[in-house]
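This report refers to the structure that appears directly beneath it.
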Amino acid sequence: IEIGWIAVTVLWGLFMFFFMIAWHFIGQQNLSTETYRVQPHAYQARVEAFAERFQVGEENGTPVVRPPAGEDVYMLARLWEWWPIFELQVGQSYRLHLASVDWQHGFSLQPANLNVQVLPGYDMVLTVTPNKTGTYSIVCNEYCGIGHHMMLGKIHVVE
Ligand code: CUA
């Protein structure tokens, strides 16, 4: 009888293992990301040019940037901030670029609970379509030193 239970356990284990792969296709939980190599200073220049082009305001010294719908939007992570602040329109899609210019950081969008590792040297691109207005917080969920807990960013989603 024991061998029966062992067989059940093994089969269940195998089932769960293969289901991880199935889940990738049917679960809609995986972000479809494109990733490109990028030099940190080149990425920083790109983000700065983007921010300058679409800046509409400022909050505590950080530019607030309102890009047109469909646009590529660039955010950079560095010790210890997410820069700049976006103002996006609800229901519109954007190509969100994320890269670090120094260390490894964790992009965690709250309360939507979207999580992405952010690394220097890699430009991660994900298509986002905000479906609810409000102010979203970005917290860093990868320990990055003394200012880690203060590494906060913001995205405003407006009509
Ligand atoms: Cu950036 Cu922790």
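The values are calculated or read from the model by the stated rules, or taken from the named source; none is laboratory data. Since the structure is predicted, the reported quantities are computational estimates derived from the model, not experimental observations. Ideal geometry is used to build each Cβ from the backbone, glycine not excepted, and the neighbour counts take in all protein chains shown. Calculation scope for accessible area: heavy atoms of the full protein, side chains included, ligands and nucleic acids excluded. Shrake-Rupley method; radii C 1.70, N 1.55, O 1.52, S 1.80 Å.
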**OP:** Along Cα→Cβ, 7 Å out, is where each label goes; now give me the distance between the ones at Q110 and E52 in nm to one decimal.
**Re:** 3.4
**OP:** With label points built 7 Å along Cα→Cβ from the Cα atoms of N60 and T35, find their separation and express it in nm.
**Re:** 3.1
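Residues with beta-carbon under 12 Å from that of V157, excluding V157: net charge, scoring Lys, Arg +1 and Asp, Glu -1?
Working: positive: R66, K132, K154; negative: E87, E159.
Once positives and negatives cancel, what remains is +1.
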Original post:
So what's the angle, to the nearest 10 degrees on a 0 to 90 scale, between helix 40-54 and the longest Cα principal axis of the chain?
Top reply: 60
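Where the accessible area of the chain is counted over protein heavy atoms with a 1.4 Å probe, how much of it, in %, is carbon and sulfur? All intermediate terms of the calculation are to be shown ahead of the outcome.
Values: 5610 of 9580 Å².
Carbon-and-sulfur percentage of accessible area, whole number: 59.
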Original post:
At a Förster distance of 22 Å, what's the computed FRET efficiency of Q117 paired with V10, Cβ-Cβ distance as r, to 0.05?
Top reply: 0.10
**OP:** Answer with one residue from Q92, W82, F18: the one whose Cα lies farthest towards the positive end of the charge dipole of the chain, charges on Cβ with Lys, Arg +1 and Asp, Glu -1.
**Re:** F18
**OP:** Calculate I(q)/I(0) for the chain by the Debye formula, one identical point scatterer on each C-alpha and no solvent, and give its log10 at q = 0.12 Å⁻¹ to two decimals.
**Re:** -0.57
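Place a +1 charge on the Cβ of each Lys and Arg in the chain and a -1 charge on the Cβ of each Asp and Glu, then give the dipole magnitude about the Cα centre in debye, rounded to the nearest 20. It would help to have the intermediate numbers written out before the result.
Values: 8 positive and 14 negative charges, 30 e Å.
Dipole about the Cα centre, nearest 20: 140 debye.
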Subject >> For a label point 7 Å along the Cα-to-beta-carbon line of T127, residues of segment 51-91 with backbone N under 20 Å >> reply: 67-75, 88-91
Subject >> Helix 2-26 vs. the chain, principal-axis angle (Cα, 0 to 90°, nearest 10) >> reply: 30
**OP:** Subtract the Cα-Cα distance of I21 and L79 from 0.36 nm times their separation in residues, and report this length gain in nm to one decimal.
**Re:** 17.3 nm
